[in-house]
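Below is one structure, written out as structure tokens; the observations come after it.
Nothing in this text is a laboratory measurement; each read-out follows from the coordinates by a stated rule. Owing to the predicted nature of the structure, the values given are computational and were not obtained by experimental measurement. Every residue, glycine as well, gets a Cβ built from its backbone with ideal geometry; the counts of neighbours run over all protein chains shown.
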Amino acid sequence: MASVKELTRLMKKLEDQLVVCMRCGMCQAVCPVFAQTGREADVARGKLALLDGLMQEMFKDPQGVCERLNRCLLCGSCAANCPSGVSVMEIFLQARAILAGFMGLPPAKKAILRGMLAHPELFDHVMAWGAKFQKIFTREVNDVIGTSCARINSPLIGDRHFRGLAEKPFHRLLPALDTAPAKGRPRAAFFVGCLLDKFFPDIAQAVVAVLQSHAVGIFMPPGQACCGIPAVSAGDTQTFGKLVRHNLALFEAGRFDYLVTACATCTSTIRKVWPMMLREETAALRARVEKMAAKTLDVNQFLVDEVGLLTCDRQKDGEPVAVTYHDPCHLKKSLGVAAQPRAVITANPDYRLIEMPEADACCGMGGSFNLQYYELSAGIGRRKRDNIQASGAVVVATGCPACMLQISDTLSRAGDRVAVRHPVQLYAESLRSKP
């Protein structure tokens, strides 16, 4: 645990950021958690007011402070609509780090984050064992979405409908790549991310196929680790720093023009959270982080803005398939990427894009928020499900695998047969059909 002197210094830094908040309440109108509960304590303004007296509250009721701070999706809706430009994400992450430093990590989180996630090889082995035995404890419930549920009542899983672990993770299917680009084409490093690797290897395969179709060189080093967002969201800056350094060393071994990801959260974490949470590290490390962050792009943005989409004529008979698109919070609100995924989808003439109501409303996933506050998360998800249904689409696409897990759950529990895809998968289909 951190020393009192260090905690005091961190809290003083936090107080300097809090003075920017005018308590205007604009965040209240866009907070998905507040929309569910109606509680002032659940909106950013209420949490910032709490943090004003963090020193006193932390000693009086540290668990209560922690509970209120954790009831946040870290979706960025409040920051995107704040007229004062309050860096809510940074304030909340720093506050969680302070509380973790004061209280220590709960044993379960410590075991998962420092015992497993901080050790990529061990993490891969544990997940491989999970994939091997998962069918003993689960059964399929929706073949269109690909969801399963628990065979017996489980406190951890509850009545969730979930995407199972892939039989073979992507790093087993394709451990590494190091190819040269065609003349005049860029070279891209591919940061795979945990969810693509272990749940959606088909998306990772589509990314590689698309980059190869564009004659882009690919650098994909073996042994990649998590981007670090689960650790820093829990206040575990130790594991976060270890994961950042691990990934930096891997990717700095290659030469490339861009670092590409197909995960909105990974993209936002590398571009924004890495530099934000490592500001007090050495100048050398900060420079390395900032250089990597500057090269990082979402795959949709890379395809549209940097290499240009390939077009093709219609291949199928009949009407195009109706598809709608969900804007991941970390893509649109954090990075301003919204038009590019839609362009990637519509590059395949076999699909017709229909906008759903509130396309950029949070789906309610929020990583560990879904585990800690499932009923809240599911309530937010049901609103997203209703909007998907209102569109009349038979496919919903989104650029975030975490959103895909949440949307799969809420659609499957409602008995809907709407396929959940990534834009790059739809684009890859059109490239495979080209003569």
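So how do 393-403, 132-142 stack up, highest first, on mean other-Cβ count within 10 Å?
Numbers: 393-403: 24.9, 132-142: 12.9.
In decreasing order of mean packing, 393-403, 132-142 become 393-403, 132-142.
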Set of aspartates and glutamates with alpha-carbon distance to LYS295 below 13 Å, sequence-local pairs under 8 removed: GLU252, ASP257, GLU306
Selected from VAL344, ALA361, GLY308, residue furthest toward positive end of dipole (region 307-366; charges at beta carbon): GLY308
Computed on alpha carbon atoms, what radius of gyration and Dmax characterise region 271-342, expressed in Å? 17.8, 60
By the scheme Lys and Arg +1, Asp and Glu -1, what is the net charge of all other residues having a beta-carbon under 10 Å from that of SER148? +4
Helix 283-295 versus the longest principal axis of the chain: what is the Cα-based angle in degrees, 0 to 90, to the nearest 10? 30
Charges on Cβ only, +1 for Lys and Arg, -1 for Asp and Glu, centred on the Cα centroid of the chain; of ALA378, HIS119, PHE190, which one is farthest towards the dipole's positive end? HIS119
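May I ask you to sort HIS119, HIS171 by Cβ crowding, counting other Cβ atoms within 10 Å and putting the fewest first? If you can, show how the numbers build up before the last one.
Numbers: HIS119 16, HIS171 19.
Least crowded to most crowded, the residues run HIS119, HIS171.
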Once you compute Rg and the Kirkwood Rh from C-alpha atoms, what is the Rg to Rh ratio for the chain? 0.95
Note, ³J(HN,Hα) from phi for region 89-99, Karplus 6.51, -1.76, 1.60, rounded to Hz, x at Gly and Pro: 4, 5, 4, 5, 5, 5, 5, 5, 5, 4, 5
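Counting only helical runs of four or more DSSP H residues, what would the 222 nm mean residue ellipticity of the chain come to if each run contributes -39,500 (n - 2.57) and the total is spread over all its residues?
Numbers: 23 runs with 216 residues, N = 435.
Result for the chain, helices only: -14000 deg cm²/dmol.
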How are the alpha carbon pair distances in region 344-409 distributed across 10 Å bins from zero to the largest one, expressed in percent? 20, 51, 23, 6, 0
Do any of LYS47/LYS272; LYS47/LYS198; LYS198/LYS242 go past 26 Å between their Cα atoms, and which? LYS47/LYS198
Between beta-carbons, use under 12 Å as the cut-off and find the net charge around ALA180, counting Lys and Arg +1, Asp and Glu -1. +3
Using the charge dipole of the chain (Lys, Arg: +1 at Cβ; Asp, Glu: -1 at Cβ; taken about the Cα centre), state which of ALA166, ALA253, ILE388 has its Cα farthest towards the positive end. ALA253
Can you give me the C-alpha center-to-center distance between region 395-420 and region 300-368, rounded to a whole angstrom? 14
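In square nanometres and to one decimal, what's the mean projected area of the convex hull around the Cα atoms of region 321-432?
Working: hull surface 26.0 nm².
That works out to 6.5 nm².
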Please list, short to long, the whole-number percent of alpha-carbon pairs of region 194-314 in consecutive 5 angstrom bins beginning at zero. 2, 10, 20, 24, 20, 12, 7, 3, 1, 1, 0
